[in-house]
Amino acid sequence: KDVEKGEGTLAVVGPSSFDILSSFFAPLPVENLGYKIFKWRKDRYTIIKKERWGLEGYEIWAEFNALENFNREIKIQTISKETQEILRIESKTPVYGIDMDESNMPQEANLDYALNFKKGCYVGQEPIARLHNLGHVNKELSLISRP
């Protein structure tokens, strides 16, 4: 893989994410899913405000080398894939192909935040809008715990 030409993402999540990132990039986007493009040193970064696992956070999109350099600079704790999976499950954050697929309505998979009922037409608009305005889901992604 040619690392110099590939792009990736780095997530900074938690109550300190704004303070950490605003010391490098300002002003940060304030609305969820809002984004801004920044230049830091010689590299270009796209910062997206994106709640993750029920926590405030940001995604940083850039070339792999830029992300590696930035990650070394910010010196924050990384979490394991196992911990990420626990946080994902506890926050009921679905993964396509595991927790949901094309047969699910967004409301069934806790994806209400991704819907906008003020914008124009999209595929599947009618049943999703009908469910939002008139009905309720018959199934919903939930946590099940054992005693």
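The values are calculated or read from the model by the stated rules, or taken from the named source; none is laboratory data. The structure displayed is predicted, hence computed values, not measured ones. Quick reminder, even Gly has a Cβ in these numbers, built from the backbone with ideal geometry, and neighbours come from all protein chains shown. Heads up: the accessible areas ignore ligands, DNA and RNA and are worked out on the full protein's heavy atoms, side chains in. Shrake-Rupley method; radii C 1.70, N 1.55, O 1.52, S 1.80 Å.
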Got a sec? Which of Leu87, Leu28 is without any contact (Cβ under 8 Å) to a residue 40 or more places away in the chain, open to solvent by less than 80 Å² (accessible area, probe 1.4 Å) and part of a loop (DSSP other than H, G, I, E, B)?
Leu28
Within the stretch 46-69, is even one residue free of Cβ contacts under 8 Å to residues at least 12 places away in the same chain, closer than 21 Å to Leu143 by Cα and open to solvent by less than 80 Å² (accessible area, probe 1.4 Å)?
no
Condition first: in contact with a Gly (Cβ under 8 Å, 6 or more places away or on another chain), touching a residue at least 24 places away in the same chain (Cβ under 8 Å) and open to solvent by 50 Å² or more (accessible area, probe 1.4 Å). Can you find one or more residues in the stretch 36-44 that meet it?
no
In the stretch 44-67, what residues are closer than 24 Å to Leu87 by Cα and not in a strand (DSSP E or B)?
Lys50, Glu51, Trp53, Gly54, Glu56, Leu67
Taking Tyr113 as meeting all but one of (1) open to solvent by 60 Å² or more (accessible area, probe 1.4 Å); (2) without any contact (Cβ under 8 Å) to a residue 24 or more places away in the chain; (3) outside any loop (DSSP other than H, G, I, E, B), write down the number of the exception.
(2)
In the stretch 10-24, what residues are part of a helix (DSSP H, G or I) and open to solvent by 10 Å² or more (accessible area, probe 1.4 Å)?
Phe18, Asp19, Ile20, Ser22
